[in-house]
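Participant: Pasting in a structure now, in structure tokens, and then I'll have a few things to ask.
Throughout, read-outs are computed from the coordinates displayed, never taken from laboratory work. Owing to the predicted nature of the structure, the values given are computational and were not obtained by experimental measurement. Backbone-built Cβ (ideal geometry, glycine too); neighbour counts: all protein chains shown.
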Amino acid sequence: MKFIKRVILVVCWVLTLFFLYCHHTPIIISFSTYYQTMYNSFGNEKLKYDKKKIQLFHGRKVSPQFESFYNHASDDELMDPFIHQHRYKLLLNNVVKCKGKHVFLLVFIHIAPVNFAKRSFIRSTFGSILSFHNKRIEHVFVLGKTKNATLQQEIEHESNKYMDIIQGNFIDSYRNLTYKLIFSLFWVNNFCKNAKFVIKMDDDIIINIPLVVPYLAEKVKAGKTVNVLECKTIKENIPVRERNNKWFITPEEYPFTKFLPYCAGHSSIMSIDVVRKMYKASKNVPYLWLEDVYGSGFLSLLLKLNMFMPKFYFEPVLSGLYKIPCSLFYLNILKNDSNALVLWNTITKYEKRLNCMY
């Protein structure tokens, strides 16, 4: 039966090439990609790897095809000016955030240029805490560039006022989030490499500072301050192939039927050595616009980093409004700042008498 399927696929491939040739259509799809696409659609089957060939690669089950694809990338696949060549320029910078300071925790927040209200909310809540238990905390908003001159002027005014914005020379868009991630790592490596821990977060996250700082301080006491990568782990996910979907990704962009385990993009905790190693490793890993899959999936795999999710890592804002706040992070799924403010008031209310059992 397998032999018959292969014969049919080869025949279909030859006929397709003949059709394209007769109609003078450029042939841009490789045989391997065509084989996978055809096989995936044949009887709605997913590409199947021989179980005997699937091996543990740095602690995760990875097909030999994936390992080969990402360990032996061609020069053409490593030519992106931002990801591989790190040609970042700072349109806005605020070196005072870390210069001359012993920063225990640096928080960089990925946020759209136009989102002034969200930045204001963060500055008035957890972003207002610069020290907790004598541990220095710094917050930085990470932006890409905008083509709107008026908006840019407003951002520059905001940056001069609060001195907490950095802006890179790439267009700020959803498809450029990987650029924003590596730009963030670039900035930390160049301007805040004295930080001990780093939190990467989106603007819909609330950090439970009274819990996060003691939690990280315990790691210092236990001597566990390297190779830290903690997040909500996504262990089973597949590429979206429906063209109208926000997360649509082509087989040319990602020629495999499953994603490796990766961190959900909304937040993650890293030790400074992980930031440094990820930034360096990005030069040698083919680009993918899905920032969470690329960063914590590809980079952490090839760096032999193990992701870990504490059982109290995060929960939705609504479920934590009026109870003791015993999660490190709260996700504002509904984007409701009123609820977020109620939750922050709850966090500050219990600040000095948290009694969370893990």
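Participant: Could I get the Rg over Rh figure for region 90-308? Both from C-alpha atoms, Rh via Kirkwood, rounded to two places.
Facilitator: On the way: Rg = 17.3 Å, Rh = 18.0 Å.
For region 90-308, the value is 0.96.
Participant: Measure up 89/232; 97/235; 161/221; 101/180; 161/280; 99/224 against 28 Å on the Cα-Cα distance and list the ones that go over.
Facilitator: Values: 89/232 31 Å; 97/235 35 Å; 161/221 37 Å; 101/180 25 Å; 161/280 33 Å; 99/224 25 Å.
As for pairs spanning more than 28 Å Cα to Cα, those are 89/232; 97/235; 161/221; 161/280.
Participant: What ³J(HN,Hα) values, in whole Hz, does the Karplus curve 6.51 cos²θ - 1.76 cosθ + 1.60 give for region 327-338 when θ = phi - 60°, with x put for Gly and Pro?
Facilitator: Each residue's phi maps through the Karplus curve to give 10, 5, 9, 10, 9, 8, 4, 7, 6, 9, 5, 5 Hz.
Participant: Using the Cα centre as the reference, give the magnitude of the dipole from point charges on the C-beta atoms of region 121-205 (Lys, Arg: +1; Asp, Glu: -1; all else neutral), rounded to the nearest 20 debye.
Facilitator: The dipole magnitude comes to about 340 debye.
Participant: Under a crude label model (7 Å from the Cα following the beta-carbon direction), how far is residue 348 from residue 221 in nanometres?
Facilitator: 2.7
Participant: Roughly what % antiparallel, to the nearest 5, for the DSSP beta bridges in region 58-215?
Facilitator: Here the share of antiparallel DSSP bridges comes out near 20 percent.
Participant: At residue 79 and residue 101, where each label point lies 7 Å from the Cα along Cα→Cβ, what is the point-to-point distance in nanometres?
Facilitator: Taking the simple label geometry, residue 79 and residue 101 are separated by 4.2 nm.
Participant: Hey, another quick one. R0 = 30 Å: FRET efficiency of residue 115 with residue 87, Cβ-based, nearest 0.05?
Facilitator: Efficiency, rounded to the nearest 0.05: 0.70.
Participant: Same structure again: Label 7 Å along Cα→Cβ of residue 356; region 309-330 residues with amide nitrogen under 11 Å?
Facilitator: From region 309-330, the list is 310-315, 324-330.
Participant: Given points 7 Å out from each Cα along the Cα-Cβ axis, report the residue 189 to residue 324 separation in nanometres with one decimal.
Facilitator: Those two pseudo-labels are separated by 4.3 nm.
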